[in-house]
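First the structure, in the form of structure tokens, and then the observations on it.
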Amino acid sequence: MIGVPSQWVVEHTPLIRKGGRVLDVACGNGRHAIWLARQGYLVDAVDRDYQAVAGMSGIANINVSIADIETGHWPVSDRKYDGIVVSRYLYRPLLGKLAKMLHPDGVLIYETFMVGNERYGRPSNPDYLLLPDELKLVYAPLLEIRAFEQGEVDGPAPAVMQRICVINSQDSAR
């Protein structure tokens with residue numbers, strides 16, 4: 001079962017240029033990649049788990065790359081994107097790189113767990129939990145913040161999340 005896309009991703013996707021190229025980082029089984037492809041976007045889906053991405057084989061508008069980006073194998077580092085989606089994944093060394101991978105007017109939609117989530121289960125390791133306002137602090141100097149929220153959420157399962165939508169506006173200091 002693929003699963004439904006995150007409401008945060010669905011809500012902010014219209015900011016991405018129609019038909020544009022979108023990177024889905026740590027895409028897992030492709031719930032966002034498949035949904036984005038069905039919306040007419042060209043999607044580069046990256047994950048290290050070959051079995052997880054197997055269900056995307058042959059789906060139109062999706063290019064799947066198997067890569068462990070945490071070990072330095074980053075298959076798309078020279079490409080620019082109209083949109084980047086990251087959901088439920090945190091690798092801090094990647095945060096600044098993502099901003100540089102956006103075209104002018106490109107959109108980054110990011111959501112993942114933050115401190116406090118440990119009371120609900122995994123992830124509970126602080127290496128995988130954002131600190132309060134962390135995404136805002138990282139991206140405010142680089143990109144224009146369109147939306148930001150953090151705190152407890154009820155669905156699809158109770159969790160403590162942080163979410164941001166930022167745009168590489170041409171006036172942003174880079």
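Bear in mind these aren't lab numbers, they're just calculated from the coordinates by the rules spelled out. Please read all numbers here as calculations on a predicted model, not as lab measurements. Note that we place each Cβ from the backbone using ideal geometry, even for glycine, and neighbour counts take in every protein chain shown.
Here are the numbers for this structure:
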{"read-out": "Lone qualifier among Ile66, Ile62, Ile84 - being more than 13 Å from Asp24 (Cβ to Cβ) and β-branched (Val, Ile, Thr)", "value": "Ile66"}
{"read-out": "Qualifying position, being surrounded by fewer than 22 Cβ atoms within 10 Å (Cβ to Cβ), touching a helix residue (DSSP H, G or I) at 6+ places or on another chain (Cβ under 6 Å) and small (Gly, Ala, Ser), among Gly3, Gly30, Gly40, Gly19", "value": "Gly3"}
{"read-out": "Residue check for Gly40: of a type outside the set (Ser, Thr, Tyr), over 19 Å from Tyr91 (Cα atoms) and part of a helix (DSSP H, G or I)", "value": "no"}
{"read-out": "Identity of the residue in region 82-120, within 21 Å of Gln7 (Cβ to Cβ) and assigned to a loop (DSSP other than H, G, I, E, B), that ends up farthest from the chain's Cα centre (by Cα)", "value": "Gly116"}
{"read-out": "Residue tally, condition in contact with a strand residue (DSSP E or B) (Cβ under 7 Å, 6 or more places away or on another chain), surrounded by 15 or more Cβ atoms within 10 Å (Cβ to Cβ) and not in a helix (DSSP H, G or I), over region 68-79", "value": "1"}
{"read-out": "Close pairs (9 angstrom Cβ cut-off, 6 or more residues apart or separate chains): touching a residue at least 12 places away in the same chain (Cβ under 8 Å) in region 141-154, basic (Lys, Arg) and loosely packed, with under 13 Cβ neighbours inside 10 Å anywhere", "value": "Leu142/Lys100; Leu142/Arg174; Leu143/Arg174"}
